[in-house]
1. Less than 20 Å from a label point 7 Å out along the Cα-to-Cβ axis of Y254: which backbone N atoms in the stretch 109-139 qualify, by residue?
2. Give me the one-decimal nm value for the distance between modelled label points at L310 and N86, 7 Å along each residue's Cα-to-Cβ direction.
3. Simple spin-label model, 7 Å along Cα-to-Cβ: Q207 to D237 in nm?
4. Determine the calculated [θ] at 222 nm for the chain from helices alone, applying -39500 (n - 2.57) to every DSSP H run no shorter than 4 residues and normalising by the residue count; nearest 500 deg cm²/dmol.
5. With +1 on the Cβ of every Lys and Arg and -1 on the Cβ of every Asp and Glu, and nothing else charged, how large is the dipole of the chain about its Cα centre, in debye rounded to the nearest 20?
6. How high is the FRET efficiency between L245 and K2 when r is their beta carbon distance and R₀ equals 35 Å, given to the nearest 0.05?
7. Taking the chain as the reference, fit the longest principal axis to its C-alpha atoms, fit the long axis of helix 134-144 to the helix C-alpha atoms, and give the angle between the two in degrees, 0 to 90, nearest 10.
8. I want the local charge near L146. Using Cβ-Cβ distances under 10 Å, sum +1 for each Lys or Arg and -1 for each Asp or Glu among the other residues.
Amino acid sequence: MKDILNRLYNHQTLTQKTAREVLINIAESKYYASQVASFMSVYLMRPITVEELSGFRDAMLELCLPVKFNTHETIDIVGTGGDGKNTFNISTLACFVVAGAGYKVTKHGNYGVSSISGSSNLLESVGYKFTNNSGILQQQLDNANLCFLHAPLFHPAMKTVAPIRKELGVRTFFNMLGPLVNPCMPNYQVLGVYNLEMLRLYNYTLQQTDINYSIVHSLDGYDEISLTDTYKITGKDGERLMYPLKKILPKDLYGGNSTADATKIFLNILNGEGTEAQKSVAVINAAHAIQCFTKNNITECIAQAEDSLLSKKALLTFKKIIS
């Protein structure tokens, strides 16, 4: 690791092969924790390259516990985190709205590291039982159109870095990797990123895959469609700027100070008791996921998402996987 660190400190980059090897060695506890923390910190000070990210992704997928469903025609909606905005769990909520609209969702998530409440914190707090049993997950997908893949159960080799990430308490390249290493490898993904540099990086990386994807970024720094500003959407068919019909305020997206706060907001929205701003953000994020899946016009996709949320089909999906 000394040689690797010296190369990085001298502003050199890693090849895809070397990046893969380093991450496998990290997973196998071949380095000191201080070296791993130092390695992670490098990528807070300079951008990760496409080759490095691809190598890390290769290693994660090689080391993961794969899960096979009877279809790859599923979608994951996930943000990188790390935008520092303390929003409610928008991506997780959008997953339930999309599932309620009739599309299969295989959500990959984890506990919050740089956020107060990650998707795993929220779902655990309402009684969802994490599992890597493919039979149980397939049954949930069949019955509710949604299942949740708790990352630590599918990436056991990464347990060596979990305490280091927690101690650092800031976003690392693992935040970048999470959305790219869903162990069921769904054919569709909506990925939220916190800056334009990350958008370009994901775009270059995902262009090399068979995934149908949309990468979203709100220009005021959110890793999802916040409706607080213009947002950009990028995919294999190009990129476009979108303008909210009605802007909302950052305070409308506040996620609280604890998992309990985040869970209360989440359940209020599902039960039809959220504010108009909260509902509109959930709907627009779900609508763009539906569009990624169907290629229908966005007006039609918004209508489907609204129906799912307002008719409480999304709530029914939630009740099915919790029960």
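Quick note: the coordinates plus some simple rules give every number you see, no bench work behind them. All values reported here derive from a predicted model rather than from experimental measurement. With ideal geometry, Cβ positions are generated from the backbone for all residues, glycine too; neighbour counts draw on all protein chains shown.
1. Under cut-off, by backbone N: 115-118.
2. Distance between the two pseudo-spin positions: 3.2 nm.
3. The answer from the label model is 1.8 nm.
4. -14500 deg cm²/dmol
5. On the way: 30 positive and 28 negative charges, 72 e Å.
For the chain, the charge dipole is close to 340 debye.
6. Values: r = 55 Å, r/R0 = 1.57.
Efficiency, rounded to the nearest 0.05: 0.05.
7. 30 degrees
8. Net local charge, L146 excluded: +3.
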